[in-house]
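One structure coming up, written as structure tokens, with questions to follow.
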Amino acid sequence: MGQSTYLRTLTQKSVMKFGKYSDITVKNLLDLNKTTYLRWCYYNCSEITFTEDILELIRIPPDFRIEKPSKCPDKHDELNIILWGKISPWKKFRQESHRRRVRKGKVIGATYSRIYKNKRGYLQSKNHGH
């Protein structure tokens, strides 16, 4: 049996029903200023599109829109580079600082996890089937 293409056109009242904001409406995401996430969904989810007013709100110009159902992550990266150039230097600094802290936390977490998994108590509990 062939696959059918299911295209969802989301409005402001639509609930996402997938991802980390699965139970939140598009309007709530716009209020939370999650436009980057909505742009990512537009370019990386082939079955998701938005109404014209939402595409304007999340800053996708007409020449960067794609035919749906399809995805184009390269266009998303290209648009982000253009929009990134329009961001103030202070906001760029804050975002880079946040990314640095997140990366550092991931490295520390992975190191701790590796150390913990070699501890006697952890290995003993694994041997006992826990």
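Residues of region 50-65 being aliphatic (A, V, I, L, M) and either surrounded by fewer than 17 Cβ atoms within 10 Å (Cβ to Cβ) or farther than 14 Å from residue 79 by Cβ (or both), which ones?
Step one: list which residues in region 50-65 are aliphatic (A, V, I, L, M), which gives 54-55, 57-58, 60.
Across region 50-65, the qualifying residues are 54, 57.
So, one more: With the requirement that a residue be under 20 Å from residue 6 (Cβ atoms) and either touching a Leu at 6+ places or on another chain (Cβ under 9 Å) or not hydrophobic (A, V, I, L, M, F, W, C) (or both), what does region 66-77 give you? Before you say what the answer is, go through the steps one by one.
Kept after step one, since they are under 20 Å from residue 6 (Cβ atoms), are these residues of region 66-77: 66-72.
Once the filter is applied, which keeps residues that are under 20 Å from residue 6 (Cβ atoms) and either touching a Leu at 6+ places or on another chain (Cβ under 9 Å) or not hydrophobic (A, V, I, L, M, F, W, C) (or both), region 66-77 yields 67, 68, 69, 70, 71.
Quick one: in region 82-112, of everything that is of a type in the set (Gly, Ala, Ser) and surrounded by 10 or more Cβ atoms within 10 Å (Cβ to Cβ), which residue is nearest to residue 58 (Cα to Cα)?
The selected residue is 97.
Somewhere in region 28-43, is a residue charged (D, E, K, R), free of Cβ contacts under 8 Å to residues at least 12 places away in the same chain, closer than 30 Å to residue 14 by Cα and in the same structural domain as residue 7 (by TED's automatic domain parsing)?
The answer is yes; a qualifying residue exists.
Can you tell me how many residues within region 11-66 are in a loop (DSSP other than H, G, I, E, B) and not small (Gly, Ala, Ser)?
Qualifying residue count for the region: 22.
The values are calculated or read from the model by the stated rules, or taken from the named source; none is laboratory data. A quick note: this is a predicted structure, and the numbers were derived from the prediction, not measured. In this analysis, Cβ positions are derived from the backbone assuming ideal geometry, glycine residues included, and neighbour counts consider all displayed protein chains.
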